[in-house]
Structures are given as C-alpha cells and as structure tokens.
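Engineer: My structure is below; once you've seen it, I'll send some questions.
Here, each number is a calculation from the coordinates, and none is a lab measurement. Quick caveat, the model's predicted, so the values are computed rather than measured. Cβ sites come from the backbone with ideal geometry, for glycine too, and all protein chains shown count toward neighbours.
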Amino acid sequence: MRSSLTLATTLLLFSVVGNAQTKIPASAANDAETIRELKQEVEDLRQRMEILEAREKQSSNANLPAASAASGQQAAEISAVPSPETANNFHEVHGFQWQGFGEFDYKVLDQKTPELGTEGFVPGSAGGFYTGDLDLLLTSRISEKANFLSEIVVNEGDAQSFNIGLDRILFKYDYDDSLRTSFGRYHTAIGYYSQMFHSGKWLQTTADRPLIMQFADEGGILPTQSVGISFTGEIPSGKLGLNYIAEYGSSDTIRAAIDGSGRLIDENNGNHIDGGLFLRPVTVPGLQIGSSFFHDNISDLERGPSVRLGQTIVNGHVIYVGRGWELLNEGFLVRHAYENIPLIYNMPAFYMQFSKKIGRTRPFFRYQYINANPHSIFSDVSLRKGPSFGARYDFDDSIGFKVQLDHTLRTEKPDLNGIQTQLVFAF
Amino acid sequence: MRTLPKIALLNCMLLCVLLHASFLKAQSTDIAVAVNLKNPVNGLTMAELRKILSAEKRTWAGGVPVVIIVRSGTSHERQTLLHLLHMSESDYKEYWRAQVFRGEASAEPIAVPSNGMQREALAIYSGGIALVEVQDIKPGMKVLSLDGHLPEMIQPTR
C-alpha cells in the first residue's frame with residue numbers, strides 16, 4: 001500500500017516538474033521577450049546618446065566642422081557605430097590613429113674602456129639616466145584595402161642631443177590573404193625579431209634588443225632597415241599554415257662601431273633581395289617555425305675604396321608566443337665572400353629568450369652569442385656572448401618596469417657586467 | 001517499511017537533478033558566429049574562426065576585408081572571444097596593440113557596448129563578423145556553421 005503511495009508521489013513529482021519545464025503560457029513568454037527587447041533597446045539608446053554626446057564634446061573642443069549632411073536616421077546609425085579606426089588602445093585624430101611609446105632608463109655598466117654609448121647612455125660613466133627612444137606610431141585607413149603606417153622616433157644621442165627619425169613609413173595594400181604588399185621604409189624580414197619588435201621598447205620583454213638584432217646606428221651588424229617593396233601572404237597548405245615573405249629594396253647601412261673607437265662604417269649596400277618561408281601550424285596557435293635568406297653586396301672600405309663583397313645572411317627561427325609563454329630562438333649565419341679576393345668569412349650568431357608571465361610579472365632569461373671574425377668588417381664586435389636575466393612588471397595595461405642584469409664575455413677584453421632599469425609606458 | 005526512506009531519498013535526488021538541469025539550461029547560452037548578409041561564406045572551422053578573430057586571416061573569399069566587431073565590457077560574447085583565443089582581457093588588449101604596431105593589422109577590432117550596435121555594425125560592414133548570443137540573433141544577420149554545426153537556435157516568439 002505504502003509502496004503504491006510512494007510510486008504515485010514520484011509520478012506526481014515528475015509531472016509537476018515536467019509541467020514547469022514545458023507548459024509556460026505562450027503569452028507570458030511573449031511578454032517576457034518583449035520586455036527584454038524593449039529593455040535592450042532602451043539600453044542601446046542610452047549608450048548611443050553617451051557616444052554622441054562624447055563625440056559632440058570632442059568635436060566642439062577640436063573646432064571641427066559640423067557633421068556632414070547625411071540624412072536623419074541613417075546618419076544617426078552610422079555615427080553610432082564606431083568606424084574601423086575606433087580602437088581600445090589607439091587615439092584618433094582627423095582619421096589618424098596614433099599611439100606613443102616612451103621609456104626612461106637608468107643603466108650601470110662596469111666597463112673600464114668606454115664603448116659605444118647607445119640611446120643616450122654616456123659610455124665610461126659608472127651609471128646614468130637616459131630617455132632612449134620616444135616612439136610615435138601613426139596609422140590611417142586610406143581605403144578598404146589600403147593603409148598607411150609610420151613610426152617616428154625621437155632618439156637621444158650624445159650629450160643629451162635629440163634626433164628625429166622616420167623609422168618606418170609604409171603604404172600598405174592588402175589584395176587578399178595571399179598577397180599583402182608594402183611600399184616604403186621597413187624593417188627587413190631578416191629575422192623574426194626584426195619584424196615583430198620595432199623601436200618602441202614597450203613591446204619588448206627585455207630592456208634592450210639582442211645585439212644581433214640591434215639597429216646599425218647602435219652597433220648592430222645586420223642591415224635591419226631598408227626602403228623597398230615587400231610582399232607577404234599565405235600559401236595554401238591546410239593545417240600547416242605556410243606563409244611567405246619576399247622583399248626587394250635598398251639599404252644604406254652606416255654602422256657605429258661598438259668598440260668605442262668612434263668609427264662609422266659605411267657599407268655602401270647595393271640593393272638586396274630577401275625571402276623567407278614560415279609555418280604557423282593551426283594545431284599549435286602561437287608557434288612559428290621559419291627560415292629566411294638575405295643577400296646584398298657591400299663595401300669593405302678599410303681594405304680599399306673598391307673592395308666589394310657579397311653578404312649572405314641565413315636565418316632560422318623557432319618561436320612560441322602564447323598562454324603567457326614567450327620562447328624566442330633565432331640562429332644566423334652571416335657569410336661575407338669577397339669579390340676578386342679568395343676570402344670568405346662565415347660568422348654565426350644566435351640568441352634565445354624565454355619568459356613566462358606570472359600575474360603581472362614576467363621573469364625572463366636570454367642568452368646571446370655573436371662570433372664575428374676579428375678580420376672582417378665586424379672586427380669591433382668580434383666574439384661576444386653571455387646571459388641576461390631579469391623581470392618585467394606591468395603596473396597596468398600602459399605602464400611597465402623592467403630590471404635586467406647582463407653579463408657579456410668578450411675576446412681579449414674584460415667581461416662586462418651591467419644593470420639596466422627601464423620604465424616603459426604607452427600613451 | 002525500510003523502502004520508504006529510500007524512495008523518498010531517491011525522489012529528492014531526482015528533483016535536485018532535474019532542477020539543476022533546468023538551471024543550467026537557463027544559464028548557458030549558445031554563441032553564434034554572425035556575419036553580414038552579403039557574405040558568401042556559410043561555415044567556418046574553429047581553427048579558421050580563431051585565425052579570423054586574431055587577424056591572421058584578414059580577408060574573406062573574394063578579397064573583402066574582415067572587420068571584427070566585438071562586444072566591449074564584460075559581456076558573455078567577449079568572454080567567449082577571450083576563451084577562444086586563450087587570452088585574458090589584458091593579453092587581448094596587448095595583442096592588438098602589437099598587431100597594429102607591427103603592421104599585421106590595420107586597426108583594432110571595433111568594440112561596441114551593445115547588441116543593437118553590434119547588429120548595426122554587421123549590417124554596415126560587408127566584411128563584418130561578430131560573436132552573438134543566439135537569443136540576440138535578429139533578421140539581417142547571417143549565422144555561420146562552426147565545424148559543420150549551427151548553434152541551437154531559439155525560435156522567434158513573435
């Protein structure tokens with residue numbers, strides 16, 4: 001008897017719950033939906049009003065002319081939807097998006113014989129403050145497929161002098177994913193770092209660039225800047241994610257020797273060709289494996305005004321950036337083959353950099369190595385190798401602080417030890 | 001006599017399971033991938049969607065530039081986007097800053113604060129793509145299948 005009662009209770013319970021799930025009156029559901037949509041529309045209108053008010057205020061502050069004479073509702077709709085240039089990080093002025101990156105540094109270096117002072121650091125001093133690079137990035141959408149990009153850098157030189165330079169100026173036209181073109185001054189695709197990290201220190205984890213990827217005016221040995229044409233795009237390859245890059249351009253590299261001699265080494269570069277292939281496998285987002293080839297002809301003015309040599313630079317890299325990790329590994333072989341002289345120098349270099357973001361802190365480790373032949377045009381560099389380690393702390397999305405310790409071993413010279421602190425900010 | 005408490009306990013457990021299931025149903029909402037009506041694409045794979053949302057793939061078939069439209073704030077759509085890309089809000093912001101700085105993207109995604117503005121942006125930009133809660137899918141949006149599956153659509157009530 002009791003079992004029957006319990007069974008009946010169970011069935012009743014099922015039916016009640018079942019009804020609760022399925023038999024909501026249709027009119028009530030409609031009303032609820034209508035109320036929800038009306039609330040949503042009110043919220044939309046409120047947010048549009050805020051945007052329009054903000055724009056009106058901005059327009060009146062900038063003394064902009066009144067809005068164009070597009071007709072009523074359409075104009076309101078278009079103005080309420082942000083244009084493609086509207087950004088989270090970037091500021092917009094008269095169709096230009098811009099963002100600035102700055103830094104403030106303090107460096108201590110125990111060098112007994114002063115070497116090249118870079119970015120405002122006074123060589124020979126025990127330690128000093130400097131402002132490094134102030135970087136202004138401007139972009140503008142010219143049409144649906146055409147864009148403009150420029151990077152203007154105010155660089156601190158010797159005796160607190162400042163120079164303004166145009167690091168990059170590019171007219172970009174993306175036909176489709178298989179063909180993206182750039183015309184202008186670019187950082188060569190000679191390696192991953194050269195393409196991904198430009199003058200602003202904000203994007204870099206470390207306080208400085210690896211020496212092999214350093215710009216020529218700061219002692220770097222590679223032609224990292226050029227004026228020319230660049231093509232890049234995807235090659236149909238399924239999950240492999242194969243991409244190509246090809247460049248043809250003119251460099252005119254004048255290197256500052258880093259040994260403190262004050263020499264400027266003019267390479268008189270001929271036009272270069274540069275090509276590379278890299279994989280970005282779909283199955284491992286963040287992984288990039290690639291290789292590139294660069295060739296130009298340069299002068300060795302120290303051997304004679306007409307001594308020319310072929311410069312070939314081969315790069316291979318394995319990169320993983322994702323889930324807080326940053327693993328950068330790049331190797332180079334620089335080959336100098338003299339014309340009319342049976343002389344060839346093969347000079348290897350590499351760097352590896354590991355970091356992991358833990359909360360707001362990103363500890364990092366880097367090891368770099370350059371073995372330039374002491375009789376080559378890179379005699380000022382010769383053999384340099386050593387580790388760097390430190391950490392970057394981000395106070396928020398726009399202010400960061402880095403501390404870096406460096407130990408550099410040099411051929412026939414005392415080891416160098418340095419501490420760099422760097423405040424970086426984006427504005 | 002002993003069976004009564006057991007059956008009562010079983011009833012309670014069943015009730016709890018049913019109530020919990022209905023609660024999850026109410027809480028979880030499918031997210032759809034919506035594009036402009038003129039977009040000829042009908043479906044994407046998850047990998048393609050990730051490539052589009054991270055600007056690795058920047059044009060649709062036919063060369064129309066992709067315009068990514070995202071919800072700002074802490075909306076469900078934005079959380080789904082961050083989950084898809086394995087990024088935090090801070091990582092996402094930094095990622096796009098870097099993409100523009102490197103010239104890998106011409107601009108950051110359009111961030112809009114409401115579903116209505118997202119709908120209008122999708123209608124204006126022929127290459128527009130957005131993640132939209134299924135309940136907010138409206139006429140004028142084209143829903144793409146993802147890995148061959150369409151999201152479970154809620155039928156319009158009026």
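Engineer: Near the amide H of A:Gly260, under 5 Å away, which other amide H atoms are found, from residues 5 or more places off or on another chain, if H is placed in the peptide plane?
Structural biologist: Residues meeting the criterion, in which the H sits 1.01 Å from N, are A:Leu116.
Engineer: Which whole-number percentage describes the relative contact order of the range A:91-426, with Cα contacts under 8 Å and a sequence gap of 6 or more?
Structural biologist: Rounded, it is 13 percent for the range A:91-426.
Engineer: Consider just the alpha-carbon atoms of the range A:323-427 and return their Rg together with their Dmax, both in angstrom.
Structural biologist: 17.8, 58
Engineer: Kindly put A:Trp202, A:Trp98, A:Trp325 in sequence by how many other C-beta atoms sit within 10 Å of each C-beta, fewest to most.
Structural biologist: A:Trp325, A:Trp98, A:Trp202
Engineer: In whole Hz and in residue order, list the ³J(HN,Hα) couplings for the range A:336-341 that follow from phi through the Karplus curve 6.51 cos²θ - 1.76 cosθ + 1.60, θ = phi - 60°; x for Gly and Pro.
Structural biologist: 10, 10, 6, 7, 6, 10
Engineer: In the range B:55-158, which GluC sites (Glu not before Pro) are in a loop and have at most 11 other Cβ atoms within 10 Å, using DSSP for the loop call?
Structural biologist: Qualifying residues, ordered by number: B:Glu152.
Engineer: Also, quick follow-up: Rounded to whole Hz and in sequence order, give me ³J(HN,Hα) for the range B:47-57 from the Karplus expression 6.51 cos²θ - 1.76 cosθ + 1.60, θ = phi - 60°, writing x for Gly and Pro.
Structural biologist: Those phi angles translate into 5, 5, 4, 4, 5, 5, 6, 9, 6, 6, 10 Hz.
Engineer: How would B:Ser54, B:Ser90, A:Ser199 line up from fewest to most surrounding beta-carbon atoms within 10 angstrom?
Structural biologist: With the sparsest Cβ surroundings first, the list reads B:Ser90, B:Ser54, A:Ser199.
Engineer: For B:Gly128, enumerate residues with amide H under 5 Å from its amide H, sequence gap 5+ or separate chain, H modeled in the peptide plane.
Structural biologist: HN-HN under 5 Å from B:Gly128: B:Asn36, B:Val67.
Engineer: When the scattering of the range A:104-231 is computed by the Debye formula from its Cα atoms alone, each counted once and equally, what is log10 I(q)/I(0) at q = 0.17, 0.23 Å⁻¹?
Structural biologist: Log10 I(q)/I(0), no solvent term: -0.94, -1.47.
Engineer: Another question about this same structure. May I ask you to give the average projected area over all directions of the convex hull of the Cα atoms of the range A:174-237, in nm² rounded to one decimal?
Structural biologist: Computed as one quarter of the Cα hull surface, the answer is 5.5 nm².
Engineer: Where a ≥ b ≥ c are the square roots of the eigenvalues of the C-alpha gyration tensor, would you call the range A:91-426 rounded, which needs a/c under 1.5, or, failing that, prolate if a/b is larger than b/c, or oblate?
Structural biologist: Judged from the Cα gyration tensor, the range A:91-426 comes out rounded (a/c under 1.5).
Engineer: Using C-alpha positions alone, give me the convex hull volume of the range B:29-146 per residue in cubic angstrom.
Structural biologist: Here the figure is 95 Å³ per residue.
Engineer: For A:Leu383, list long-range residues whose amide hydrogen, built 1.01 Å from N in the peptide plane, is under 5 Å from its own amide hydrogen.
Structural biologist: Distant-sequence amide H within range of A:Leu383: A:Ala372, A:Thr411.
Engineer: If you place +1 on the Cβ of every Lys and Arg and -1 on the Cβ of every Asp and Glu, how big does the dipole about the Cα centre of the range A:365-427 come out, in debye to the nearest 20?
Structural biologist: Its charge dipole is roughly 240 debye.
Engineer: When A:Leu405, A:Leu343, B:Leu49 are ordered from fewest to most other Cβ atoms inside 10 Å of their Cβ, what list results?
Structural biologist: A:Leu405, A:Leu343, B:Leu49
Engineer: If all Cα-Cα distances of the range A:259-304 are sorted into 5 Å bins from 0 onward, what percent lands in each bin, rounded to whole numbers?
Structural biologist: 5, 15, 14, 13, 11, 11, 10, 9, 7, 4, 1
Engineer: How crowded by other chains is B:52-59, given as the mean number of beta carbons from other chains within 10 Å of each beta carbon? Let's see the in-between values first.
Structural biologist: Values: counts 0, 0, 2, 0, 7, 3, 7, 8.
Other-chain Cβ atoms within 10 Å of each residue's Cβ, averaged: 3.
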